[in-house]
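Student: The structure is given below, and queries will be raised subsequently.
What follows is calculated from the coordinates using simple rules that are stated; it is not laboratory data. Keep in mind that what you see is a predicted model, and the values were worked out from it rather than measured. No Cβ is skipped: glycine too gets one built from the backbone with ideal geometry, and neighbour counts run over all protein chains shown.
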Amino acid sequence: MTDTELTFRAYTPTDRDLLLQIHTAAIAALPDAYYDSADRGAWCANRTAAQYDAAVADGAVIIVAVERDVPVGFVTYVPGPKGEVTMLYVQPERHGARIGQALLQQAETALFEQGATVIGLIASLNARGFYAAQGYLEGAGLSIETDAGHALDMVRMEKHRTALRPDGTPWRNFYGRRHGKKLRPAQQRDMDGALVEIQPKGITRADNPTRTPLDLHELFGREAPTWLEIGFGAGEHMFHQAGLNPDVGIIGCEPYINGVAQFMSKMRDAGLSNVRVHPGDARDLLEVLPEASLDKVFLLYPDPWPKTRHHRRRFVVPENLVAVARALTPGGIFRVATDIPDYVRQTLEVTQPMPEFEWHAEAPADWRDPWSDWTRTRYEAKAIREDRTPHYLTFRRV
Ligand SMILES: C[S@@+](CC[C@H](N)C(=O)[O-])C[C@H]1O[C@@H](n2cnc3c(N)ncnc32)[C@H](O)[C@@H]1O
């Protein structure tokens, strides 16, 4: 069979029967030496399609591989610093290393990007060669009890994260929160409907492995000056700026889904059409923005990471500010607001040696007074309630 294009998507409960079919067929196709007929029969009798939903409810993530609109395999993994791949099955007639390998890579990328430093799995003896070819090292052997009560030999395998990705770029850890409490039904509808429409495509490495730059004209449907807000929280400032500047296109990035949902309902009620939202990491977006494509970038009350050993997690590390500088147009503006004096220190320490940035500060009022078009964000309100002083830093892209 010739190779056709494989795509990947997150599991939804409507996939459950198909996954059980793939899973059952894959087990049935295993060599007899591995699983005898009693084991297979017991396996089938004990499985229900709802187990996939239960796994997801327990924190597992399932990625489904789709070919010609038909699911052809899936991988299940459990996130954590020591990630675990728990299942990898491919439709037997499509069994070739290609789909299994591509699925495993999806899981590995997600786990390593989320900060896992090692991925473990328990492989059947007939699959160990496959995993070894994907860079997994064999650990201890173990025996598990099959559904028919027999002992089955397995082997523990592990893969450690390399210092860099295969393409030579660094792995990134995201340390923030992505989810808070469950979204209300109307919020979920916004996320499934309106967000999908205004979300730029081709941001993540999975969606755009070649890192082809975004077409901003196409994104906004017109030529418009483009601004970026990094970590918009619940979006108070982005909402305010979008209303004040209807001729500008604003892209907001925010991985915290509950914040995105709050912003989406405000945007819907106000009928704003000049905002696009990437519900994820701004660093992924910066990589695919065309050079010199932004007129303004806002970084407002970024996560402070107060402990010295966590300062590397702050957004204002050199590699991120180099990426911001690359995306800003000459004369463009980079605004940073923070209530943490040590965050001001780090921002100045990183920007001062960079020829791309000029700090616009002649008198204390330049960093003590808010910008004339400013609106208070939720984090600023909290800072003021707790008696901390806001600082407003303005940099010009040289
Ligand atoms: C302290 S909150 C401030 C939110 C908002 N700007 C405000 O002032 O209310 C920082 C926000 O940055 C987001 N964030 C952290 N790292 C990010 C990244 N790499 N890309 C985009 N947003 C990020 C967090 O999810 C969080 O919502």
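Student: Just the projected area, averaged over all directions, of the convex hull on the alpha carbon atoms of the stretch 6-160: how many nm²?
Tutor: If I average the Cα hull's projected area over directions, I get 8.6 nm².
Student: Moving to a separate point now. Roughly what % of DSSP beta bridges within the chain run antiparallel, to the nearest 5?
Tutor: Percentage antiparallel, nearest 5: 65.
Student: About its Cα centre, what dipole magnitude does the chain give when the only charges are +1 on Lys and Arg Cβ and -1 on Asp and Glu Cβ, stated in debye to the nearest 20?
Tutor: Numbers: 45 positive and 52 negative charges, 173 e Å.
Once rounded to the nearest 20, the dipole reads 840 debye.
Student: Given the convex hull over the Cα atoms of the chain, what projected area results after averaging over all orientations, in nm²?
Tutor: Quarter of the Cα hull surface area: 22.4 nm².
Student: With charges set only on the Cβ (+1 for Lys and Arg, -1 for Asp and Glu), what does the dipole of the stretch 6-160 come to about its Cα centre, in debye to the nearest 20?
Tutor: Working: 11 positive and 18 negative charges, 63 e Å.
It works out to roughly 300 debye.
Student: Select from 253, 185, 298 the residue farthest towards the positive end of the dipole of the stretch 185-397; place +1 on Cβ of Lys and Arg, -1 on Cβ of Asp and Glu, and compute about the Cα centre.
Tutor: Most positive-ward Cα: 185.
Student: Compute the long axis of helix 318-327 from its Cα atoms, compare it with the longest principal axis of the Cα atoms of the chain, and write down the angle in degrees, 0 to 90, nearest 10.
Tutor: 70
Student: Note down the net charge around residue 197, summing +1 for each Lys or Arg and -1 for each Asp or Glu among other residues with Cβ under 15 Å from its Cβ. Working shown, then result.
Tutor: Details: positive: 189, 201, 268, 276; negative: 190, 192, 218.
Residues close to residue 197 contribute a combined charge of +1.
Student: Looking at the stretch 185-397, send over the antiparallel percent of its DSSP beta bridges, to the nearest 5.
Tutor: On the way: 9 of 28 bridges.
Roughly 30 percent of the DSSP beta bridges within the stretch 185-397 come out antiparallel.
Student: Now, a different point. Report the antiparallel proportion of the DSSP beta bridges in the stretch 6-160 as a percent, rounded to a multiple of 5.
Tutor: On the way: 32 of 36 bridges.
Among the beta bridges of the stretch 6-160, antiparallel pairing accounts for roughly 90 percent.
Student: With 30 Å as the limit, write out which pairs from 181/382; 159/296; 181/266; 296/382 have Cα-Cα distances beyond it, or answer none. Walk me through the numbers on the way to the answer.
Tutor: On the way: 181/382 20 Å; 159/296 41 Å; 181/266 19 Å; 296/382 25 Å.
Violating the 30 Å Cα-Cα cut-off are 159/296.
Student: With +1 on each Lys and Arg Cβ and -1 on each Asp and Glu Cβ, how big is the dipole of the stretch 112-234 about its Cα centre, in debye rounded to the nearest 20? Could the numbers behind the result be given before it?
Tutor: Values: 16 positive and 15 negative charges, 80 e Å.
With Lys and Arg at +1 and Asp and Glu at -1, about 380 debye.
Student: Once both axes come from the Cα atoms, what is the angle between helix 97-113 and the longest principal axis of the chain, in degrees from 0 to 90, rounded to 10?
Tutor: The answer is roughly 40 degrees.
Student: Something else now. Which residues in the stretch 252-273 place their backbone N less than 16 Å from a point set 7 Å from the Cα of residue 182 along the Cα-to-Cβ direction?
Tutor: 258
Student: Over its Cα atoms, what ratio of radius of gyration to 2.2 N^0.38 Å does the stretch 14-90 give? Numbers along the way, then the final one.
Tutor: On the way: Rg = 13.2 Å, N = 77, 2.2 N^0.38 = 11.5 Å.
For the stretch 14-90, the normalised Cα radius of gyration comes out at 1.15.
Student: If you don't mind, another one. Taking a spot 7 Å from the Cα of residue 32 along the direction of its beta carbon, which residues of the stretch 136-152 have an amide N less than 19 Å from it?
Tutor: 148, 150-152
Student: With the contact rule set at Cα under 8 Å and sequence spacing of 6 or more, what percent relative contact order holds for the chain?
Tutor: Details: 674 pairs, mean separation 40.9, N = 398.
In percent, rounded to a whole number, it is 10.
Student: If r is the Cβ-Cβ distance from residue 24 to residue 270 and R0 is 56 Å, what FRET efficiency results, to the nearest 0.05? Could the numbers behind the result be given before it?
Tutor: On the way: r = 50 Å, r/R0 = 0.90.
Between residue 24 and residue 270 the formula returns 0.65.
Student: Could you tell me how many degrees, from 0 to 90 and to the nearest 10, lie between the Cα long axis of helix 257-270 and the main elongation axis, the longest principal axis, of the Cα atoms of the chain?
Tutor: 60
Student: Also: What percent of all Cα-Cα pairs in the stretch 185-397 falls into each 5 Å bin, going from 0 up to the bin containing the maximum distance?
Tutor: Here the calculated profile for the stretch 185-397 is 1, 7, 15, 20, 21, 18, 11, 6, 2, 0.
Student: Taking R0 as 41 Å, what's the FRET efficiency between residue 4 and residue 145 from their Cβ-Cβ distance, rounded to 0.05?
Tutor: Numbers: r = 39 Å, r/R0 = 0.95.
Using R0 = 41 Å, I get an efficiency of 0.55.
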